[in-house]
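Step one of this worksheet: look at the structure below.
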Amino acid sequence: MLGDARRSWLAQALTGAALLVLGAWHMLRVHLAGEAGGLPSYRQAVGVFKNPETAVLAVLFTVLVAFHAANGLENVLVESGVDEERAERLARLLWAAISAYVAALAAYIYLLL
């Protein structure tokens, strides 16, 4: 079994790789999907999220960003000499704030569908 530090590093690396793929998908599908390859209008952007696959991937993208940020913050704090318990509390606070945002985003997307 991997130790906590190695598991945390592995989770950071895997979410980073997934974010590269999902970030490219997000840019292509949402931001460059307008007419003639330009930026989409509001109506076009909302239309993109009416596709259930796109909505699920957008929520997954946001959850991965939240995890990656909270995990990275905790790693930086621990390696900077902050007490592990305090670093974990701060990371959980960030995770809770971003989770509330994700819940609101999911509710908004649900209302769009």
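Summary of computed values
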read-out	value
Criterion (at pLDDT 85 or above and either at positive phi or touching a Ser or Thr at 6+ places or on another chain (Cβ under 6 Å) (or both)) met by exactly one of Leu64, Leu10	Leu64
Check on Glu88, surrounded by 11 or more Cβ atoms within 10 Å (Cβ to Cβ), at pLDDT 80 or above and among the acidic types (Asp, Glu)	yes
Residue list for region 45-66, filter: surrounded by fewer than 14 Cβ atoms within 10 Å (Cβ to Cβ) and under 12 Å from Val102 (Cβ atoms)	Leu60
Entirely in region 31-113, the helices (runs of 4 or more DSSP H) that have 1 or more residues that are touching a helix residue (DSSP H, G or I) at 6+ places or on another chain (Cβ under 7 Å) and more than 30 Å from Leu10 (Cα to Cα)	42-49, 84-112
Tally of residues being surrounded by 11 or more Cβ atoms within 10 Å (Cβ to Cβ), of a type in the set (A, V, I, L, M, F, W, C) and under 30 Å from Val46 (Cα atoms) across region 1-20	3
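The values are calculated or read from the model by the stated rules, or taken from the named source; none is laboratory data. Since this is a predicted model, take the numbers as computed values, not measurements. Positions of Cβ are backbone-derived with ideal geometry, glycine not excepted, and every protein chain shown enters the neighbour counts.
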